[in-house]
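For reference, the structure discussed in these notes is given below.
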Amino acid sequence: MIHPLRSTLAFMLLAAACAGTAATHAPDPARTRAYIDHAWSTLTRATDDCASLVDPKLTTEPVLYLPADVPMPTALAATQQRCKVDVRRLPQPVTALGQVDARTLPVQGLLYLPHPYVVPGGMFNEMYGWDSYFIVLGLVADHREDLARGMVENFLYEIDHYGGVLNANRTYYLSRSQPPFLTAMMRAVLDDPASFPDAGAAAAWLRKAYPLAVKDHAIWLSRPHRAGDTGLARYMDLGAGPVLEHRNADYLKGVIRYLLKHPAKNRGYLVKASEHPDAAEAARLKTTSCDLAASPICAAAWADGYRLSADYYAGDRAMRESGFDTNFHFGPYGAATHHYAAVGLNSLLYRYERDLHDFALQLGKPDEAAHWAKLAAARKAAINHYLWRADRGLFMDYDTTTGQPSDDPYLTTFYPLWAGLATPAQAKSVRDHLALFERKGGLMMSDDASGAQWDEPFGWAPTHWLAVKGLDDYGFRADARRIAAKFTATVDRSLAADGTIREKYNMVSGNADVKITAGYTDNVIGFGWTNGVYLKLRELLAAPAAAGTKKDVAEAAAH
């Protein structure tokens, strides 16, 4: 992994400042808090900052793209000279995802955004679609309202000029979004009185933001994002072939070799093919696999007589839109992600539709509010029909190709609680299955030890917040506080050990001892959403506790 020089030095200094003789210190929330305070600055980027322009995932020189129809910002000319960045324009105005095929661009680059933003850390040196919700929560909790609001305004800019909320602001992400948290981000800012000078300013901001949020929501109703005839949504990237952020074909060769060793996992993902096909075979592979002429990674993605199918590439891209890269819950290496009506996605969209209903009422649009209420009610009915497993007492994903629900419990079963769509009985049933996921360090993603980072034994900040908040909202406050105490203690222990906050953690050992054997192996330092969720969980733990809760928190912290 290549880090921008400034970012690397900043994190070295940050780790040194916070760690000291880290291994000799007991876990200390105050030290974790100090790290986070410093990290907001080291993780903040802007297009007038040279460090922001570097892409650690690629080896090309920095390029910054402006929308085709936006005048050159005055300050950008000075940045162009100071940072030696190549400023270009997109070839056309963009009104929808997928309109620009990034493979046709002469070089990949950063997409311009008008306001500073917080990045996750390490190789993730851009503003991400779903990371940013948890970052915004942390910024609001930490009284950095201008930065939080500016990030939301950046997403509105993306919708207006790049076709929707993007996976992140890089050209190779122009074909996909990420889990839809936009209205939740808007609400986080609007609910904070310090974000605007007065109520009138907040209302004016909402009037401008609301139609853009409506446009973004339409992505998830479009044909490519429909999950069969369920009335539910699926993840689906609008591009084709290998993703452009691959630096080489090693990952894809690993997938081929895994599928050859595990033929029962192969759902038509392998295509027998030559390593160096002639013109006729290359023409066939363009349909059955990928376009070798358009992608050097595609051309190199061959192992032991096989290539990957076009359906695999569609699923791989959808997995990246889901944010769960890489997992084996949606097939090996997430290859079947696009075949599922997912509990997580549809819970987020239900919440999105309820938020749009509330915003429409605030703006004096009762007919539109009724429309959003109707959409939300229809989605809730479909979720209960297809995704609620009464026999298991869990919300579970539905495979539209087989017409069968998944049998693999996943932590997204708690998303309906966060979204407020579960009945009290459903919420209690889900809560009664906490033992499937709960370990010393907090909540694992699943009980499948696949070796992928979004499976057992790994746990992540964002899914902790959604589960904890959902449990708390449904009155399971002791459970919420126990899990919050476990996860924050895991972060504290890890920081005491090496002076850093990480992307993900091992829930069984309760630390950052993460060994990935399938997919991405790094445990990135930073880390934006862990910082934000840590602050929110500490905020929850500091709130007045319900009867019996203090005992639970004390017991959890002791472990």
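The values are calculated or read from the model by the stated rules, or taken from the named source; none is laboratory data. What you see is a predicted model; the values in this text were computed from it and never measured. Heads up, the Cβs are rebuilt from the backbone with ideal geometry, glycines too, and the neighbour counts pull from every protein chain shown. All accessible areas refer to the heavy atoms of the entire protein, side chains included, with ligands and DNA or RNA removed. Shrake-Rupley method; radii C 1.70, N 1.55, O 1.52, S 1.80 Å.
Its relative contact order, with pairs defined as Cα atoms under 8 Å and 6+ residues apart, puts the chain at 15 percent. Taken one residue at a time, the phi angles of the range 226-231 give Karplus couplings (6.51, -1.76, 1.60, θ = phi - 60°) of 7, 8, x, 9, 7, x Hz. Gly and Pro are set to x. Taking 0.36 nm per residue of sequence separation and removing the Cα-Cα distance, the ALA370/GLU145 pair yields an extension gain of 77.8 nm. Backbone amide hydrogens, once placed in the peptide plane, bring MET236 within less than 5 Å of nothing, excluding anything fewer than 5 places away on its chain.
Tally the DSSP beta bridges in the chain and give the antiparallel ones as a percent, rounded to 5.
75 percent
The charge dipole of the chain, taken about the Cα centre with unit charges on the Cβ atoms of Lys, Arg (+1) and Asp, Glu (-1), comes to about 340 debye, rounded to the nearest 20.
Here the dipole of the range 103-240 is about 540 debye; that uses its Cα centre as origin and unit charges on the Cβ of Lys and Arg (positive) and Asp and Glu (negative). Scaled to the globular estimate 2.2 N^0.38 Å, the Cα spread of the chain, given as radius of gyration, is 0.94. Pairs of Cα atoms nearer than 8 Å and 6+ residues apart set the relative contact order; for the range 26-132 it is 34 percent. Over the residues of the chain, the helix contribution to mean residue ellipticity at 222 nm works out to -14500 deg cm²/dmol, using -39500 (n - 2.57) for each DSSP H run of at least 4. Across the range 54-68, coupling constants 3J(HN,Hα) worked out from phi with the 6.51/-1.76/1.60 Karplus curve, θ = phi - 60°, read 6, 10, x, 7, 10, 9, 6, 5, x, 10, 10, 9, 9, x, 4 Hz, and Gly and Pro carry x.
The residues of the chain have, on average, 37 Å² of accessible surface per residue, using a 1.4 Å probe with all protein chains present. Positive contributions from Lys and Arg (+1) and negative ones from Asp and Glu (-1), summed over other residues with Cβ under 15 Å from the Cβ of ASP86, come out at +3.
Does anything in the range 95-115 have its amide N under 15 Å from the 7 Å Cα→Cβ label point of ASP69, and if so which residues? From the range 95-115, the list is 95-97, 99-100.
Considering every Cα-Cα pair within the range 383-506, what fraction, in whole percent, is farther apart than 21 Å? Tail fraction, whole percent: 40. Give the carbon-plus-sulfur fraction of the accessible surface of the chain in %, rounded to a whole number; probe 1.4 Å, heavy atoms of protein chains only. For the chain, the apolar C and S fraction of the accessible surface comes to 55 percent. Across the range 378-449, counting alpha-carbon atoms alone, Rg and Dmax equal 12.3, 39 Å. Counting every alpha-carbon pair across the range 180-286, the share separated by more than 24 Å comes to 57%. Summarising the label geometry, the points placed 7 Å from Cα in the beta-carbon direction at ASP498 and ASP408 lie 2.7 nm from one another. Straight Cα distances below 23 angstrom link LYS286 to the lysines LYS253, LYS272, with same-chain residues fewer than 8 positions distant left out. The slack between ALA77 and ALA283, meaning 0.36 nm per residue of separation minus the straight C-alpha distance, is 69.7 nm. The range 96-229 gives an Rg/Rh value of 0.98, both radii derived from C-alpha positions and Rh following Kirkwood.
Between the C-alpha center of the range 207-283 and that of the range 366-382 there is a gap of 30 Å.
Taking amide H as placed 1.01 Å from N in the peptide plane, the amide H of VAL87 sits under 5 Å from that of LEU64, each at least 5 places away or on another chain.
Rounded to the nearest 0.05, what FRET efficiency do ASP229 and GLN92 give with R0 = 41 Å and r taken as the Cβ-Cβ distance? Could you check? It would help to have the intermediate numbers written out before the result.
Values: r = 34 Å, r/R0 = 0.83.
After rounding to 0.05, the efficiency reads 0.75.
Applying 1/(1 + (r/R0)^6) with R0 = 41 Å to the Cβ-Cβ distance of ALA381 and ASP198 gives a FRET efficiency near 0.55. Here the extension length gained between THR59 and THR521 equals 164.4 nm, from 0.36 nm per residue of separation less the Cα-Cα distance.
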